Amino acid sequence: MEVPNLGHNLTSPMSPCEGMIKNLSLDAIQLCEREGNKSQDSSIVEMEELPVPQNIKISNITCDSFKICWDMEPRVKERITHYFIDLNKKENKNSNKFKHKDVPTKLVAKAVPLPMTVRGHWFLSPRTEYTVAVQTASKQSDGDYAVSEWSEIIDFTTADYSTVHLTQLLEKAEVIAGRMLRFSVFYRNQNKEYFDQAREVHGNHMLPAVKDNSGSHGSPISGKLKGLYFSCNTEFNTGKPPQDSPYGRTRFEIQAETLFNPKTNLYFGDFYCMYTAYHYVILVLAPQGSPGDDFCKARLQALDITNNHFLTCTVDEEAGDGALVFRHAQDVILEVIYTEPVDLALGTVAEISGHQLMSLSTVNAKKDPSCKTCNISVGR
């Protein structure tokens with residue numbers, strides 16, 4: 001039985017705890033805070049007859065929910081009226097030192113058939129390690145609660161954003177993408193040593209590397225997808241790539257058609273900002289049938305290369321020669337990841353005339369969790 005998301009029903013902490021428990025329906029789950037120890041809180045009493053939850057199992061883990069179940073003795077099931085579930089981020093070492101009663105914060109639920117779904121973006125974040133322990137409780141006729149000992153502590157990690165969540169991000173990004181501008185080349189800036197190594201060590205090829213942790217915390221490509229970052233944004237007044245870059249003063253340029261054509265699939269990867277007015281959209285270009293394409297098909301939202309708000313490849317009908325025309329969104333900064341190695345011989349390498357603006361680098365950049373433009377309600 002699923003416990004619904006009742007974030008809007010959260011009430012202020014009360015002492016003793018039963019004041020809050022009285023407000024719970026049969027399928028409700030809420031945050032409950034209580035302080036003090038056994039001598040200070042007479043509403044919680046211990047009763048050895050209540051069983052300690054055994055063989056706890058966590059399943060159906062998403063970025064903001066999970067199912068939990070455990071073994072219980074049939075003879076006492078009818079006596080159990082509530083479950084107490086302690087949930088802590090694993091990195092908070094001190095939060096796991098409690099033994100049974102002295103719990104600063106926990107989830108409280110009416111006893112429902114197991115497995116039970118715990119859901120709530122206000123206390124669960126994507127890609128985060130948590131610990132969970134369970135306690136059974138029985139409400140007595142005088143309003144007091146008999147409780148079991150706490151169960152063993154179980155570890156689990158929440159999942160990445162699903163395609164449903166990525167679609168929500170996509171729709172938000174589409175709102176601010178702006179009009180489309182023509183471009184002709186993709187470019188990649190690095191320091192001179194990077195290109196020297198590509199020539200001397202990697203057979204004149206730039207090799208894909210695992211994507212860093214920049215962007216949304218729940219992004220399914222961070223730390224997993226291998227690729228090469230390219231840019232395609234142009235200056236409004238010149239229609240050419242800018243002469244400044246955060247990543248180095250040596251630039252590789254390649255004709256857009258080489259990386260982006262009808263044999264390439266395009267995927268939406270992320271939408272984020274870094275506490276500035278600039279917003280970034282991550283797109284993935286993957287040759288059809290490549291390992292990168294297979295990875296993205298299972299995790300990302302595919303885009304029509306001829307008709308989307310960010311990056312398009314269309315045939316120039318007016319020219320009549322089958323030439324391809326490329327356009328990029330004006331009002332967002334595109335970070336394009338190409339999933340395969342690229343031969344330097346396919347383009348040109350030269351030094352730019354501008355500066356290396358290190359402050360604009362997005363390497364491992366953390367997303368602004370307070371931005372209403374680029375956040376969705378399933379963690380950050």
Using heavy-atom solvent-accessible surface (probe 1.4 Å) with all chains present, what is the largest-first order of H205, H217, H279? H217, H205, H279
Would you mind estimating how fast the stretch 161-349 diffuses translationally, via Stokes-Einstein at 10 °C and 1.306 mPa s with the Kirkwood radius over Cα pairs, in µm²/s? 93
In the stretch 225-380, what percentage of the DSSP-assigned beta bridges are antiparallel, given to the nearest 5? 75
Whole-percent carbon and sulfur share, accessible surface of the stretch 174-242, 1.4 Å: 51
Amide H neighbours of R127 at under 5 Å, excluding residues fewer than 5 places away on the same chain, with H built from the backbone geometry, are T158, A159, D160
Please pull out the direction-averaged projected area of the stretch 247-293, using the convex hull of its alpha-carbon atoms, in nm² to one decimal place. 4.9
Can you give the accessible area of R182 in Å² (nearest 10), computed on protein heavy atoms with a 1.4 Å probe? 140
On each of the three principal axes of the Cα atoms of the stretch 254-333, give max minus min coordinate, whole Å, ordered largest first. 45, 31, 23
Between L346 and N60, what length comes free when the chain is fully extended (0.36 nm per residue of separation minus the Cα-Cα distance, one decimal in nm)? 98.4 nm
Using the heavy atoms of the protein chains and a 1.4 angstrom probe, tell me the accessible area per residue for the stretch 161-349 in square angstrom. 45
Would you work out what percent of the accessible area of the stretch 249-380, with all protein chains in place, is carbon or sulfur (probe 1.4 Å)? 50
Of V349, V284, ordered by accessible area with the largest first and a 1.4 Å probe, the sequence is V349, V284
Could you put L181, L346 in order of accessible surface area, largest first, with the 1.4 Å probe and the full protein assembly present? L346, L181
Sticking with the crude label model, points 7 Å out along Cα→Cβ, report the distance from I154 to N204 in nm, one decimal please. 5.7
For the stretch 337-352, in residue order, the Karplus 3J(HN,Hα) values (coefficients 6.51, -1.76, 1.60; θ = phi - 60°; whole Hz; Gly and Pro = x) are 9, 9, 8, 10, x, 10, 6, 4, 5, 7, x, 10, 10, 8, 8, 7
Round to the nearest 10 and report in Å² the accessible area of D142, as given by a 1.4 Å probe over the protein chains' heavy atoms. 110
Expected output is a single nm value to one decimal: the length gained when fully extending between Y194 and K172, i.e. 0.36 nm times separation in residues minus the C-alpha distance. What is it? 4.4 nm
With 20 Å as the limit, write out which pairs from K226/K372; K67/K110; K90/K297; K67/K89 have Cα-Cα distances beyond it, or answer none. K226/K372; K90/K297
Report the net charge of residues surrounding C313, where surrounding means a beta-carbon distance below 14 angstrom and charges are Lys +1, Arg +1, Asp -1, Glu -1. -1
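The values are calculated or read from the model by the stated rules, or taken from the named source; none is laboratory data. Fair warning: this is a prediction, and the values are worked out from it, not measured in the lab. Neighbour counts are summed over all protein chains in view; Cβ atoms, including those assigned to glycine, are modelled from backbone coordinates with ideal geometry. Heavy atoms of the whole protein, side chains included, go into the accessibility calculation; ligands, DNA and RNA do not. Shrake-Rupley method; radii C 1.70, N 1.55, O 1.52, S 1.80 Å.
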